[in-house]
Amino acid sequence: MITWRSLFKRFLSDPVAIGAGIVLLLLVLMAVFAPLLAPQNPYDLMQIDIMDSELPPSWKDDGDARFLLGTDAQGRGVLSTIMYGTGISLLIGIGAVVVQAILGVTLGLIAGYKGGWIDAFLMRLADIQMSLSTLMIAIIVLAIFQAAFDANVYADYAIVMLIVIIGVAEWPKFARTVRSSVLGEKNKEYVDAARVIGLPARKVMWGHILPNTLTPVLVISTIQVAEAIMTEAALSFLGLGMPVDRPSLGSLIRSGFEFVFSGQYWITLYPALVLIALVLALNLLGDWMRDVLNPKLRRGDD
Amino acid sequence: MSAQIKPVPSPQTDHIVETRGLEVRFPLPTHFLSREKPVLHALNTVDVAIRPGETFCVVGESGCGKTTLGRTIIGLQNPTAGEVYFNGQRIDQMDEATRKPIRRDMQMVFQNPYASLNPRRNVYDTLVEPIRHLMPEKSAAEQRETVEAVLAATGCDLSWQRRLPHEFSGGQRQRIAIARALVTNPAFIVADEPISALDVSIQAQILNLLTDLQAERGLTYLFITHDLSVVQHFGTRVAVMYLGQVMELAETATLFATPKHPYTRLLLDAIPKLEGGSFDKPRTPGELPDPVNLPKGCPFAPRCPLATDLCRAERPKLRVLPSTGTEVACHHTE
Amino acid sequence: MAMLEIDDLRVAFPRGKTEEIEALRGVSLRLEKGERLGVVGESGAGKSMLAFSILNLIAEPGRVSEGAVRFMGENLLDMSERQIRGIRGNRISMIFQDPMVTLNPVLTIGTQMIETLQAHRRISRREAHRLSVEKLKMVAIPSAETRMDAYPHELSGGLRQRVVIAIALLTDPELIIADEPTTALDVTIQAEIMALILKLCRENDVALILITHDLGVVAEVTQKLMIMYAGKCVEAGETRAIIDAPNHPYTAGLLKALPQNAEPGQKLYQIPGSMPPITNLPRGCPYHPRCSRASDECRAAMPEIIDGVACYHPLQSVEEIA
């Protein structure tokens, strides 16, 4: 077992982890406090002037001091849209992982503990789900959804839709991880001890087994947030994700893409850099956590 | 004899636990299309009756079914056939609501104190769970009182309550596990190899604790072990098991003085002795037959020096030897 | 010259950046040709550490910090990896608790035996095969010829450990180090394996270091005995003499606590407390917190080992401990 304190100590002794942690913390703070920090509110049409469109970053010759990283085609400051967009990307990423985790942990726990045909059924279901690519499912569902409803309705529900679709499509990763830890735990004697007193299966599963399977869940959660953010960015880039007036990092990259060849690279470049930094930080943290929490790599600590 | 049907005798209530014709078979995993369905016979018609207040030992080597017997009696394993009685009441197949009050009276201590305590629960939460579940009438104050009394009785320090299992040594953990088994004030405890995972100097401490608790609380033990020297010291009666069957059942003193079954003699002969000398003669390799494809006759016949064609053809049943009162399943012993 | 001489052997593990803790705290022993020595201790006493350090097999980050292991007069700890490979598995063999440490699950028994032999001897495959079958017969494996083609998982635990012994014997070693060779096995199988090891050592004049926690096994098999506690040897000498009249209170406590040394139904003698972890040793004699004879002297400094016992107040008989 590893305590929070020793986890923190290990964190402080690993420069890569500290670096990734700081980057992530800065990005999260930036996103959360975007309304306070951002030089302008890109959603407030009163603050946007089409005359400001496609201004280069402020250090360029014809840059404008108001827009540090320049503006996009609609005259919104790229810095401000990045601040708001990072929040939307993070919201979708975390939301989708919450959905994945709830579905995956529940089904994995049931499959692992009950075994037999329930296990076989759920795991075959997971296999089928895994064999369909997440992007493919998302593209089909979102395309139908976009066609079925008009743009306003779509814009209102886009976040929820993305969370649900990415969440549902990726549950098998959690389910498989949890199931394999449950299989390891359920034959341990403390589970037998709980059964001896006649504790119902529900209580044994949630009260005894689940807390002992959460370590790997923590690890994949981090990596899955990064993956969900990437999926959302890819969908938005294809025009199936967040609408342009409530842009995520992916839709920002897309909205600038058509200007890249006419020289307005900043509209795409800066959101892309932020996306890379965010995903990289999450993945590095996830890898670090896996190394620390993996009992096979960590001997004599149990 | 007339054609009259012999009435089934009701189980004697002077036994706290009794099994009748207990059988446990595990189907082994195969491909779902395969024709053969191999089955592992973990228990084969086991009849044991445990008297109140005694220490009933079950000895045997790995795969003999001793652990399965304990798990079936306590209800962790459903019997394939046969019955389990507790104080004259049949408890296998009982529904959970009826069984709940009986669960207070039956508890279990496990072999590995490193696995039998939930690593994420502190000592108090581990100990209070059986009370909360089985004695919901107790108030929070009474729960606390019971936990503290039991901790004191098992030689645990009261300051341990808020600590997690990984902070304790093996011997301390086993004390905590014994305390958990005692919080509902049971009459009967299944102890499955409770000392074999502990260091030599700790084993005596735990055995003494079990002896003391038995004297104080009038406990009945089903003590499962592979170690005959512990049985000799600790047991009232002992059943020797081999491949899912009881081969010999006797008072401990009788069994050690006059072992009747050839397998019992083999086991006794295998104990290393401080006086030395018992490993001087070479031994032929004996291997357990595959419990999946049990031989038709006596399961011990392939290793037995006395085996005859009769042994290989017919499985001997337990019978009482009038001379010592030993029950033995062997064609060739008197 | 003794066959094996160990002088003040110490093994240390780093703790943190600057500190080191000693898991083996100065152990010395001598073993003559064909002599059988038992090393007894609880888990964490350092007995396996001793076995591994003899062959310089201490895993990183641990290291032998001091001392010498002289085998036939040559210090094994000074040897290059190449030199020591000529000794390890050749003139000194090891048997582990888990046979699968030695056996490779994807190779047949025969392949593994032949390869082991050919690594140490310049002989033909046919000759290696013949010798391997011979050794399998020596450890009483039924139908040895056909077992050469078996994979380890096709054998039972007892047979596997027999194969490991056969492999250990392949190169006709002068010393076998057996680390809890029967702990994972059933009593009847343990008796067979130990009887076999005893017979082979006697017949071939092979020396044996038997590491175990079981005093009964040691009494049956060995001539000399060493009791370890918290990384130190607390008592050493003739097995029979120690078992009949232990001098160290710990040895006496271990013997007295055995169920076979108590009247049935009576309470057992028990040593209070448990062995302190190597990271948190008390000052003075590591056993003093559990010892009924401890005095201020014991609490102040670790006693030196004199006449085979490291104790300021050695016992004359078991009865002296209350």
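Consider B:E61 carefully, then state whether it is assigned to a strand (DSSP E or B) and either surrounded by fewer than 23 Cβ atoms within 10 Å (Cβ to Cβ) or out of contact with any helix residue (DSSP H, G or I) (no Cβ under 6 Å at 6 or more places or on another chain) (or both). No: the conditions fail for B:E61.
Just wondering, is there one or more residues in the stretch A:229-245 that are closer than 23 Å to A:A158 by Cα, among the polar types (S, T, N, Q) and under 16 Å from the mean Cα position of the chain (by Cα)? Looking through the stretch A:229-245, at least one residue is closer than 23 Å to A:A158 by Cα, among the polar types (S, T, N, Q) and under 16 Å from the mean Cα position of the chain (by Cα). Number of residues in the stretch A:235-265 that are in contact with a helix residue (DSSP H, G or I) (Cβ under 6 Å, 6 or more places away or on another chain) and either crowded, with 17+ Cβ neighbours inside 10 Å or not in a helix (DSSP H, G or I) (or both): the value is 18. For C:V234, are the conditions met, namely being buried (at least 20 other Cβ atoms within 10 Å of the Cβ), within 18 Å of the chain's Cα centre (by Cα) and more than 11 Å from every other protein chain (Cβ to nearest Cβ)? So C:V234 fits the description; yes. A count restricted to the stretch C:215-224 and to residues that are facing chain B (nearest Cβ under 10 Å) and either of a type in the set (A, V, I, L, M, F, W, C) or closer than 18 Å to C:I92 by Cβ (or both) stands at 6.
Among the residues of this structure, B:T333 does not count as one that is surrounded by 18 or more Cβ atoms within 10 Å (Cβ to Cβ), of a type in the set (V, I, T), at pLDDT 90 or above and touching a helix residue (DSSP H, G or I) at 6+ places or on another chain (Cβ under 8 Å). Scanning the stretch A:194-222 for residues that are more than 8 Å from every other protein chain (Cβ to nearest Cβ) and touching an Asp or Glu at 6+ places or on another chain (Cβ under 8 Å), we see that the one that is farthest from A:A101 (Cα to Cα) is A:I209. Only residues that are modelled with pLDDT of 90 or more and touching a Lys or Arg at 6+ places or on another chain (Cβ under 9 Å) were counted across the stretch C:118-132, and they come to 4. Inside the stretch C:119-155, residues that are outside any helix (DSSP H, G or I) and closer than 18 Å to C:I197 by Cα make up a count of 4. Taking each residue of the stretch C:67-90 that is over 19 Å from C:R10 (Cβ atoms) and looking for partners that are aromatic (F, W, Y) with beta-carbon atoms closer than 8 Å, six or more apart or interchain, yields C:I87/C:F71. Please verify whether A:M30 is aliphatic (A, V, I, L, M), out of contact with any helix residue (DSSP H, G or I) (no Cβ under 6 Å at 6 or more places or on another chain), without any contact (Cβ under 8 Å) to a residue 60 or more places away in the chain and surrounded by fewer than 22 Cβ atoms within 10 Å (Cβ to Cβ), treating the condition exactly as stated. In short, no. Residues considered: C:I227, C:I271. Of these, the only one that is farther than 29 Å from C:D7 by Cβ, surrounded by 22 or more Cβ atoms within 10 Å (Cβ to Cβ), at pLDDT 90 or above and touching a helix residue (DSSP H, G or I) at 6+ places or on another chain (Cβ under 6 Å) is C:I271. For the stretch C:145-169, a tally of residues being without any contact (Cβ under 8 Å) to a residue 60 or more places away in the chain, away from every other protein chain (no Cβ under 14 Å) and in contact with a Lys or Arg (Cβ under 8 Å, 6 or more places away or on another chain) returns 1. Filtering the stretch C:186-214 to residues that are part of a loop (DSSP other than H, G, I, E, B) and either away from every other protein chain (no Cβ under 14 Å) or buried (at least 23 other Cβ atoms within 10 Å of the Cβ) (or both) leaves C:D205, C:V206. Looking at the stretch C:16-56, which of its residues are in a loop (DSSP other than H, G, I, E, B) and without any contact (Cβ under 8 Å) to a residue 24 or more places away in the chain? Answer for the stretch C:16-56, where residues must be in a loop (DSSP other than H, G, I, E, B) and without any contact (Cβ under 8 Å) to a residue 24 or more places away in the chain: C:G16, C:K17, C:T18.
Please find, within the stretch C:175-185, the residue that is farthest from the chain's Cα centre (by Cα) out of those that are surrounded by fewer than 22 Cβ atoms within 10 Å (Cβ to Cβ) and either facing chain B (nearest Cβ under 9 Å) or not hydrophobic (A, V, I, L, M, F, W, C) (or both). Checked the stretch C:175-185; the qualifying residue farthest from the chain's Cα centre (by Cα) is C:T183.
Here the condition is being crowded, with 22+ Cβ neighbours inside 10 Å and among the aliphatic types (A, V, I, L, M); of A:V164, A:V178, A:V153, it holds for A:V178 alone. For the stretch B:188-204, taking the residues that are of a type in the set (V, I, T) and more than 8 Å from chain C (Cβ to nearest Cβ), the one that is nearest to B:C156 (Cα to Cα) is identified as B:I195. In the stretch B:58-69, the residues that are more than 14 Å from chain C (Cβ to nearest Cβ) and without any contact (Cβ under 8 Å) to a residue 24 or more places away in the chain form no Cβ pair under 7 Å with any partner that is in a loop (DSSP other than H, G, I, E, B) and among the polar types (S, T, N, Q), whether six or more places apart or across chains.
Considering only residues that are surrounded by 22 or more Cβ atoms within 10 Å (Cβ to Cβ) and either within 21 Å of A:I220 (Cβ to Cβ) or among the aromatic types (F, W, Y) (or both), which ones fall in the stretch A:271-298? Result: A:L275, A:L278, A:A281, A:L282, A:L285, A:M289.
Of the set (1) away from chain B (no Cβ under 14 Å); (2) among the β-branched types (V, I, T); (3) closer than 27 Å to A:L293 by Cβ, all apply to A:V191 but (1).
The values are calculated or read from the model by the stated rules, or taken from the named source; none is laboratory data. Note that the structure is a prediction, hence the values are computed from the model and not measured. All Cβ positions, glycine included, derive from the backbone under ideal geometry; neighbour counts span all protein chains shown.
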